[in-house]
1. Among the residues of the stretch A:65-79, count how many are modelled with pLDDT of 90 or more and open to solvent by 80 Å² or more (accessible area, probe 1.4 Å).
2. Quick one: which of A:E129, A:E142 is part of a helix (DSSP H, G or I) and under 26 Å from A:V228 (Cβ atoms)?
3. Which residues, counting only those in the stretch A:132-148, are open to solvent by less than 30 Å² (accessible area, probe 1.4 Å), under 24 Å from A:P277 (Cα atoms) and not β-branched (V, I, T)?
4. What is the number of the single condition among (1) touching a Pro at 6+ places or on another chain (Cβ under 8 Å); (2) loosely packed, with under 13 Cβ neighbours inside 10 Å that A:M1 does not meet?
5. Could you check A:H109 against (1) at pLDDT 90 or above; (2) more than 9 Å from RNA strand B (Cβ to nearest atom); (3) in a helix (DSSP H, G or I) and say which number it fails?
6. Can you pull out the residues in the stretch A:248-261 that are open to solvent by 40 Å² or more (accessible area, probe 1.4 Å) and either modelled with pLDDT of 95 or more or within 11 Å of RNA strand B (Cβ to nearest atom) (or both)?
7. Give the residue, chosen from A:I353, A:I273, that is of a type in the set (V, I, T) and away from RNA strand B (no atom under 14 Å from the Cβ).
Amino acid sequence: MDIYKEQLQRLFDAGLAYYAFETPKELGEERKKARAEKRAYRYNRASLELSPETVEQNLKEGKPHVVRFKVPEGGALTVTDCVVGEVTVARTEVDDFVIFKGDGFPTFHFAVIVDDALMNVTHVLRGQEHLNNTFKHILLQEALGFEQPTYAHISLIFNPDGSKMSKRDKDKTLRKFVRENNVESAPESCVSEDAWATWQASKDNQLSTDDATKLALALGVELPEINVDDFKQAGYMPEVLLNYLCLLGWSPGNDVEQFDADFLVEKFSLDRIVKSPAKFDRAKLLAFNLDALQKLSQEEFESKLLAWCQEYAPAFASIENFSLFASANHERSKTFRDATVTSSFLVKDDEAIAWPESKPLKKALLKGEVSGLSRMPAIIEAFGQLETWNAESIDSCLNALAEELADGNLGKVAQPVRIAVAGGPVSPPIGDTLVLLGKESTLCRLTRCHDFFASACDA
RNA sequence: GGUCCCAUCGUCUAGCCAGGUCAGGACACCAGGUUUUCAUCCUGGGAACAGGGGUUCGAAUCCCCUUGGGAUCACCA
């Protein structure tokens, strides 16, 4: 704080700063008027006209005030930006902006210039929304005699619909849902009444991250992934996200798209940054993640998957034969989460498996000249007699059954089994699935499934 | 509205600065194929220089205009 004050004093000494006493209300009206007259709003420098005595007097009376920067006379202003190139603007476009607020703290513009200069910052990379601010910054640097850092303004990232991708998107998603479904109040025990009321009062009041997450869960709303941690939780690898993000606005050329951090460190250069904004394409990120997962060795995949499960899906982390769980899912997962989604039946109780009707289910169990269901007893019987319970023995047992019951068509016996144990048509390869489940659970589920449909058919 | 920025397949982009190959790749999409499900995997396909003027023997590339998109205009950072 003392440092800011000290720098401010230098500006006063040079006659480049002055006190202003207008209230926010007054300024707001000025602004409105300017807008109505279709011209840009400029501060009118009224306080600059005040005599030193009046200023002194006002200060003594404790009149609320700010400190403004006095934009010096001169020609056009030019910023040289590494990405955008030279940008020139008329000096009159820059307002006598506030550098110290009514509360006695410096504004962002002032603080950032002092901070950067005193910390010897050489490169400023930031979003393109700051491009216009840069003029204020170079004016301040000139006034304080600071060296100008190298600027690079990076284009923004958009959602597929063209809107700016922002951390506010979660809030927007929730609001939309609440509005469209006429949700009057927060579901029990997730957001306090007060918080809800504040939130609903204005769209400028965002819910806390915690509350937002709880509310989304309670309402069953899918929040978009925005924060880095959201992507981690969704099962993406951090290095893939980095890779993809870099590609949104930069490329090494030579048709190279997938690379690691080392490559980036070596090849990255500001002059290859693309000027135009990019849309965030989740499908491509997903494809990149798949490629990266497939490149991992069995061991790497297993340890990374385990780490992910421990953090986000503990039920899976405690799977007995985790190694098999990992290998069975390696090839077919696009994200770490995929493995847990398509294998959710593994962590359910046998009694919790249900068989909601669906096309593939009907096809596998109920349709055909000889239905899958009718083969079930023979399958249960054969499995019951299996002494060793591993992928090889199960597969060969299944093959034999296929030969015997379905002209060697393995799908005709494997698919009913899959549905019976998983409750749906999707699972890892059947041998691995059954080993993971264990003989007891497998038989239990097969029997339950058979009974369930047998009684349903009778009725 | 003022000011500033941007513009190549649906999407991300290479090519542009130092005009001259069928405008290249990736994702997505479509069609085949492999596979016990899902996914993976393999092969093939369609797909773009926003529009109009210039400059030039020649323009995606240089210049101008139009159109479209975006940012910003705070006692927020």
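1. Matching residues across the stretch A:65-79 total 0.
2. A:E129
3. A:F135, A:H137, listed by residue number.
4. Every listed condition holds for A:M1 apart from (1).
5. Status for A:H109: all satisfied but (2).
6. A:S251, A:N254, A:D255, A:V256, A:E257, A:Q258
7. The conditions single out A:I353.
Conditions tested, residue by residue: (1) free of Cβ contacts under 8 Å to residues at least 12 places away in the same chain; (2) buried (at least 16 other Cβ atoms within 10 Å of the Cβ); (3) of a type in the set (G, A, S).
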| position | (1), (2), (3) |
| --- | --- |
| A:A420 | no, yes, yes |
| A:I430 | no, yes, no |
| A:L436 | no, yes, no |
| A:K439 | no, yes, no |
| A:C444 | no, yes, no |
| A:S455 | yes, no, yes |
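The values are calculated or read from the model by the stated rules, or taken from the named source; none is laboratory data. All values derive from a computational prediction rather than experimental measurement. For neighbour counting, all protein chains shown are included, and Cβ atoms are generated from backbone atoms with ideal geometry for every residue, glycine included. For accessibility, only protein heavy atoms count, side chains too; no ligands or nucleic acids. Shrake-Rupley method; radii C 1.70, N 1.55, O 1.52, S 1.80 Å.
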